[in-house]
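Take this structure, written in C-alpha cells, and hold onto it; I'll ask about it next.
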Amino acid sequence: MATLIKDGMLVTAEESFSADILVEGEKISQIGQNLQVAGAEVVDATGKMILPGGVDPHVHLDLPMFGTVCSDDHYTGTKAAAFGGTTTIIDFVSFDFPTLRESVDKWHVKAEKAAVDYSAHMNLTRFDEKIAAEIPSLRGMGITTLKVFTAYNGRLRLEDGNIFKALRFARDNGMLVMLHAENGDVIETLTAEALVAGHTTPEWHARTRPAWGAVESALRAFALAATADAPLYLVHMNAAGEVDMLQYARERGLKVMGETCPQYLFFTEDDLRRPDGAKWVCSPPVRTKADNSRLWEGVAGGTIQTIGTDHCPFFYNGTKPILYEGKPVAIPGKELGADDFTKIPNGLPGVGDRLPILWTTGVGSGKLSANRFVALTSTNPAKIFGLYPRKGALVPGSDADIVIWDPEKKVKYGVALSHQRTDYNLYEGWELTGMPEKVFLRGQCIVDGGRWLGKAGKGQFLPRRPGAPVL
Ligand code: URP
Ligand code: ZN
Ligand code: ZN
C-alpha cells in the first residue's frame, strides 16, 4: 500500500521546501513535485509542515527507583512519544545482572511492547577487567553507547580511572561514552548535613547538588576524553557553566558534544519551592534563570547538539488512581518523599511534551529556526547515535517516520493532551501554537489527530552502528 503526502512544506535539518512524499511499504520511496501515483492513498498536507519523526536520545521506561518504578513502561511511554511526534526513543539498560549480555537480554524482554522504534544505551555502572573484556560484544548486540556517572557514590558511580579506561575501550571499538556529570562526593556531604539540620523540602534536592559539581565534573571528563583521544557526550546539561565548558572544549578541537532537556530551559529552583515542588525533582536539578538563558544560547548557537528529555515520570500522588486506557492506575511516586527530599523519586515526564513545547517556545519565539529544531530533536540524535539516515531524515530510503505538523494549531497544553502515564504535566495550561496532526511510523499512521492507531509491540529494536560521527 502506498501513501502520497501532497503539498506539505518539508522541513529538514538543512532546508525547507514544498514537495510531495511517496511512501511505499515502510520507506520513503520518492520526494518530488506533483507526484502522481495510481492507487496511492493521498494525504493532503497543504498548509502543513512535514518533519522527520522525532528521535529522543534519552528516555527511561520501566525504571525501578526508590522502591517504586517510573510510571511509563515501554508501551505507555512510547505511545506518549508518538502523540508528541517522536517515533524513535533510546532507553537505558540497567547493569543489574552479572554480565552485560544478561542485562541487555532482560531489558529486551521489557522493551518488546514498545509502540515506536527503540534502542538502548548501556549504563556502565561497574567496571573491572571481566566487564571491560565484554564491552566490545555490545556492538554485536547493536548497543554502541555507554553511560557513566560521576555521582551516586557506591551505586552507579565509576571512579575517574575507570571512566578513563572506559573511554579508551569506547575509542577502540567505535563506541561513545555518555556522561552524567555531578560531583558525587560533594552531594554525599551536603545531603548528610542537610538531613542532620532537618532540611526535608524539595528545594534541598537542588541545594545539595550544586551546579559547580556539574561544571567541574564535565570539564574533568572532557579532560579525560582528551587524554584518551575519545569522543564524549554530556547528557542532560543543566548549568550555564557546562555550556561554557563545552564551548571551551569544542573550541580546542575536543570530540565532545552535549544534550540538554526542556526542563532545564524553563524551570528553576523557584519551582522546587512551590507547595507541589516535588513535581520538579530530577537529577541533575533545575537551576536558575541565568542557567536557562545560557542553555538556550547553547542550543541556538550550536554549542549543544541535541535536546532529549530524560523522560522518567512518576505520579505526583501515587495513592490516587488515574484512568489510563479506561482502567484505573496508581503507581507510588513523589509522595514517597513527602517528609524527606532524598526519598522523592528523581525524574520528570517529558517524552511527549518535547516537540510541542519546543516548537512554540523555540520556533514560535524566533529563538530557533524550524531547521535547527529538526536538527536538535531528530537529525542530530540520529546521527550521533548511529541511526542516520534510516532515522532523522526525509530522503528516499529512509524509514517513513513522518510527522505532519500543523503550525497553526492552538492548544491549551497539559496532562489531558500529553498521554504520559502520570497525574501531572510540567507545562499545565501553557498556550501552544503548533502540534502534530498525523504521525507515521515506518509508513503506518499511528496517531491521527487525537486518535491512537498504534499498538504495543509494533516498535522495532534498532541495532545501532559503531563509528558514528562526532558533530
Ligand atoms: O532524575 C532523573 N533524571 N532520573 C533519571 C536518571 C538519570 O540520571 O538520568
Ligand atoms: Zn543521568
Ligand atoms: Zn537519564
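The values are calculated or read from the model by the stated rules, or taken from the named source; none is laboratory data. Predicted model, so just to flag it, every value in this text is computed and none were measured. Here the Cβ is made from the backbone with ideal geometry for all residues, glycine too, and neighbour counts use every protein chain on show.
Mind checking which residues of region 138-171 are more than 16 Å from ligand 3 (Cβ to nearest atom), assigned to a loop (DSSP other than H, G, I, E, B) and either of a type outside the set (A, V, I, L, M) or surrounded by fewer than 17 Cβ atoms within 10 Å (Cβ to Cβ) (or both)?
Gly142, Thr144, Asn153, Gly154, Glu159
Hey, Lys289 hits all of (1) under 14 Å from Tyr424 (Cβ atoms); (2) away from ligand 1 (no atom under 16 Å from the Cβ); (3) not β-branched (Val, Ile, Thr) but one; which does it fall short on?
(1)
Only one of these is within 16 Å of ligand 1 (Cβ to nearest atom), in contact with an Asp or Glu (Cβ under 7 Å, 6 or more places away or on another chain) and among the hydrophobic types (A, V, I, L, M, F, W, C): Ala120, Ala111. Name it.
Step by step, each of Ala120, Ala111 is checked, and only Ala120 is within 16 Å of ligand 1 (Cβ to nearest atom), in contact with an Asp or Glu (Cβ under 7 Å, 6 or more places away or on another chain) and among the hydrophobic types (A, V, I, L, M, F, W, C).
If you don't mind, another one. For region 172-187, name all the residues that are more than 17 Å from Asn123 (Cα to Cα) and surrounded by 16 or more Cβ atoms within 10 Å (Cβ to Cβ).
Asn183, Val186, Ile187
Sticking with this one: Take Arg139 and decide whether it is basic (Lys, Arg) and free of Cβ contacts under 8 Å to residues at least 60 places away in the same chain.
no
Now for a different question. Look at Ala218 and say whether it is crowded, with 24+ Cβ neighbours inside 10 Å, within 26 Å of Ala468 (Cβ to Cβ), at pLDDT 95 or above and touching a Pro at 6+ places or on another chain (Cβ under 6 Å).
No.
Same structure again: Is it true that Gly298 is surrounded by 20 or more Cβ atoms within 10 Å (Cβ to Cβ), in the same structural domain as Gly362 (by TED's automatic domain parsing), at pLDDT 95 or above and more than 16 Å from ligand 3 (Cβ to nearest atom)?
Yes; evaluated as a whole, the condition is true for this residue.
Would you say Tyr264 is within 16 Å of ligand 1 (Cβ to nearest atom), of a type in the set (Phe, Trp, Tyr) and either loosely packed, with under 15 Cβ neighbours inside 10 Å or under 22 Å from Gly213 (Cβ atoms) (or both)?
When the stated conditions are applied, Tyr264 passes them.
For region 319-350, what are the residues that are surrounded by 21 or more Cβ atoms within 10 Å (Cβ to Cβ) and either among the aromatic types (Phe, Trp, Tyr) or away from ligand 1 (no atom under 16 Å from the Cβ) (or both)?
Selection gives Phe341 alone.
So, in region 67-103, how many residues would count as being assigned to a helix (DSSP H, G or I) and touching a residue at least 12 places away in the same chain (Cβ under 8 Å)?
Of the residues in that region, 11 qualify.
Working carefully through the options Phe66, Phe95, find the one that is touching a helix residue (DSSP H, G or I) at 6+ places or on another chain (Cβ under 8 Å), under 23 Å from Gly386 (Cβ atoms) and within 16 Å of ligand 1 (Cβ to nearest atom).
Every option except Phe95 fails the conditions.
Can you confirm whether Phe314 is over 26 Å from Gln247 (Cβ atoms), away from ligand 3 (no atom under 16 Å from the Cβ), in contact (Cβ under 8 Å) with a residue 12 or more places away in the chain and crowded, with 24+ Cβ neighbours inside 10 Å?
Spelling it out, it is not the case that Phe314 is over 26 Å from Gln247 (Cβ atoms), away from ligand 3 (no atom under 16 Å from the Cβ), in contact (Cβ under 8 Å) with a residue 12 or more places away in the chain and crowded, with 24+ Cβ neighbours inside 10 Å.
With Ala225, Ala206, Ala230 as the choices, which residue is in a loop (DSSP other than H, G, I, E, B), surrounded by 22 or more Cβ atoms within 10 Å (Cβ to Cβ) and away from ligand 3 (no atom under 16 Å from the Cβ)?
Exactly one residue qualifies, and that residue is Ala230.
Being in contact (Cβ under 8 Å) with a residue 60 or more places away in the chain and β-branched (Val, Ile, Thr) is the filter; apply it to region 399-417 and report the residue that is surrounded by the most Cβ atoms within 10 Å (Cβ to Cβ).
Ile402
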